[in-house]
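The values are calculated or read from the model by the stated rules, or taken from the named source; none is laboratory data. Being a predicted model, the structure only gives us computed values, none of them experimental. Virtual Cβ from ideal backbone geometry, glycine too; neighbours counted across all protein chains shown. For accessibility, only protein heavy atoms count, side chains too; no ligands or nucleic acids. Shrake-Rupley method; radii C 1.70, N 1.55, O 1.52, S 1.80 Å.
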Amino acid sequence: MADANLLEQIKDYANRADPYPLYARLRQSPVSRQDDVGEGSGAPGEVACSVWVAASHAAITCLQNDPRLSVETQPPTKRPSTGNPVTDYLVNPIKDRITDRHQPFLFRDPPAHDLLRAATVRQFTPERVHAMRARSERLVGEMLDRKVGARVIDVVDDLAYPLPVAVICELFGVPEGDEVRFRDWSSQLATAVEPGVVVSDEARMDNARAFDGISDYLSDLIAEKRKRPRDDLLSGLANQATQDGYRMGDFDLISTAILILVAGHETAVNLIANAWLALLRHSSELERLRADPSRAPRVVEEVMRNDPPVQLVTRKTLSAIDIAGITISADETLILMMAAGNRDPATFPDPDRFDPDRTGTRHLGFGGGLHYCVGAPLGRFEAEAALTALARRLKAPHLIEDPPPYRRPATLRGPERLRVAVEGIL
């Protein structure tokens with residue numbers, strides 16, 4: 001039987017660098033009831049509520065395909081008070097209703113989810129994605145060229161953070177020079193997806209400003225794409241209908257674009273950083289990648305299993321579900337702890353070992369079912385480009401800090417910085 005406070009410990013920042021022993025304890029029960037104490041919620045040990053957590057690979061695989069689970073778990077939007085009566089009692093309530101009615105498809109159930117996802121998938125054409133692979137390789141080269149002569153490189157700030165946002169901005173057809181604004185917006189909005197975290201009024205205000213800022217920017221950009229469409233993803237979403245004749249309205253298009261930005265950026269940053277950290281800790285695998293760049297896809301897939309950028313997702317039960325000998329009632333919160341399932345010894349032999357030659361059962365790193373990651377091919381390409389270039393061009397790299405400092409979120413987990421000493425950059 002899993003301890004009831006394991007989720008609280010997993011969310012505790014003190015365990016961010018290595019939550020995996022806690023996941024092993026959590027797997028003692030495939031599904032368990034857990035006290036959910038949000039970070040910053042109050043006094044230590046204060047129980048805000050209780051939730052169910054699925055931790056075994058089998059339970060998660062079964063549940064992520066269950067139509068009795070809903071992804072519509074976001075709390076109602078409520079922008080913080082500004083002190084301006086017109087804004088607080090007229091403008092913001094209207095904005096809140098629009099935001100709630102037009103959540104991105106990651107937080108929508110069918111049939112709305114299916115319409116929005118189909119329209120989005122249609123624009124992730126093989127040609128467009130493969131073009132971004134070549135572009136990723138060029139961007140990585142340019143970023144490392146700027147560091148030639150350095151003896152220390154921060155893989156997060158110098159490569160992992162700027163690369164995905166540059167790729168996404170190019171996909172969207174964002175004018176050159178606006179990338180830095182997207183990076184700032186993405187960093188701020190990523191803090192809003194952490195479940196169970198009680199944020200300050202100041203943080204809520206920052207989130208609202210970021211959301212309104214990117215929404216206003218995208219509204220203007222979408223209007224431009226409708227007038228003068230180009231060969232980019234945002235133009236396609238704005239102007240092309242699906243085979244069933246569906247085309248997104250502006251509000252759904254804005255929420256979809258924000259989803260692609262935040263999900264595609266933040267997860268790719270963590271994937272690249274987690275992968276490079278794994279290679280530095282396993283020097284023989286780094287040498288094998290340096291000698292044979294074709295191993296990069298194997299490395300990426302093993303990182304997605306062994307140390308995934310998204311550790312968990314939250315669902316809500318629409319009706320009672322029987323799983324692993326337990327009945328979960330309707331209207332309960334259920335967390336799918338994918339990072340725990342990815343190291344389940346019942347599914348993966350020697351699960352804590354980093355082994356890019358591992359074969360067999362598919363990992364849970366990109367989700368599954370209706371909500372399998374739309375941008376998975378793009379994320380893979382970005383990570384492969386970054387890892388092969390780093391392996392080839394960094395001379396005698398070694399970690400300056402191990403473990404490195406981690407970012408605050410437990411959901412989107414990755415190093416805040418990853419400083420590496422090198423003898424040179426080729």
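Compute the relative contact order of the chain as a whole-number percentage, counting only Cα pairs closer than 8 Å that sit 6 or more residues apart in sequence. Intermediate values should be presented prior to the final figure.
Numbers: 680 pairs, mean separation 105.3, N = 426.
Across the chain, relative contact order equals 25 percent.
Along Cα→Cβ, 7 Å out, is where each label goes; now give me the distance between the ones at residue 372 and residue 121 in nm to one decimal.
0.8 nm
Considering only C-alpha atoms, what is the centroid distance from segment 86-146 to segment 345-409, in Å?
Centre-to-centre distance over Cα atoms comes out at 23 Å.
List the aspartates and glutamates whose alpha-carbon lies under 12 Å from that of residue 316, not counting same-chain residues fewer than 8 positions away?
Answer for residue 316, where 12 Å is the Cα cut-off: 66, 72, 109, 331, 332, listed by chain and number.
Using a 1.4 Å probe over the heavy atoms of the protein chains, calculate the carbon and sulfur portion of the accessible area of the chain as a whole percent. All intermediate terms of the calculation are to be shown ahead of the outcome.
Numbers: 9880 of 18860 Å².
Percent of accessible area from carbon and sulfur atoms in the chain: 52.
Expressed in nm to one decimal, what extension gain is obtained for the pair residue 284 and residue 72 from 0.36 nm per residue of sequence separation less their Cα-Cα distance? Walk me through the numbers before you get to the answer.
Working: separation 212, 0.36 × 212 = 76.32 nm, distance 4.40 nm.
Roughly 71.9 nm would be gained on extension.
Let me see the pair-distance distribution of segment 77-234: every alpha carbon pair, 10 Å bin width, integer percents in order.
Reading the bins upward from 0: 8, 28, 35, 21, 7, 1.
With a cut-off of 8 Å between alpha carbons and a minimum separation of six or more residues, what is the relative contact order of segment 160-271 in percent?
Numbers: 90 pairs, mean separation 44.7, N = 112.
The value is 40 percent.
Helix-only mean residue ellipticity at 222 nm, the chain, DSSP H runs n ≥ 4 weighted -39,500 (n - 2.57), per residue, nearest 500. What is it? Provide the component values of the computation, followed by the final result.
On the way: 15 runs with 192 residues, N = 426.
So the helix-based figure for the chain works out to -14000 deg cm²/dmol.
May I ask you to compute the full-extension gain from residue 230 to residue 100, defined as 0.36 nm times their residue separation minus their alpha-carbon distance, rounded to one decimal in nm? Don't jump to the answer; show the numbers that get you there.
On the way: separation 130, 0.36 × 130 = 46.80 nm, distance 3.02 nm.
Length difference between fully extended and current span is 43.8 nm.
Rounded to the nearest whole Å², what accessible area per residue is found for the chain with the 1.4 Å probe?
Details: 18860 Å² over 426 residues.
Per residue, the chain has 44 Å² of solvent-accessible surface.
Would you calculate the separation in nanometres between label points at residue 251 and residue 142, each defined as 7 Å from the Cα along the Cα-to-beta-carbon direction?
3.7 nm
For Cα pairs less than 8 Å apart in space and 6+ apart in sequence, what is the mean separation divided by the residue count of segment 206-354, i.e. the relative contact order in percent? Spell out each step's value before the answer.
Working: 125 pairs, mean separation 21.4, N = 149.
It rounds to 14 percent for segment 206-354.
Inverting the mean 1/r over all pairs of different Cα atoms, compute the Kirkwood radius of the chain and quote it in Å.
Numbers: mean 1/r = 0.0444 Å⁻¹.
It is 22.5 Å.
How about residue 147: which aspartates and glutamates have a C-alpha closer than 18 Å to its C-alpha, ignoring those fewer than 8 places off in the same chain?
Filter leaves 137, 157, 158, 423.
Length gain on complete extension for the stretch residue 205 to residue 219, per 0.36 nm per residue less the alpha carbon to alpha carbon distance?
Values: separation 14, 0.36 × 14 = 5.04 nm, distance 2.08 nm.
Residue separation times 0.36 nm, minus the Cα-Cα distance, leaves 3.0 nm.
Which lysines, on any chain, are close to residue 95 with Cα under 17 Å apart, when same-chain ones fewer than 8 places away are left out?
The reachable lysines, counting only those whose Cα sits under 17 Å from residue 95, are 78.
May I ask you to derive the FRET efficiency for residue 395 and residue 12 from their Cβ-Cβ distance with R0 = 30 Å, giving the value to the nearest 0.05?
Details: r = 38 Å, r/R0 = 1.28.
Computed FRET efficiency for residue 395 and residue 12 comes out at 0.20.
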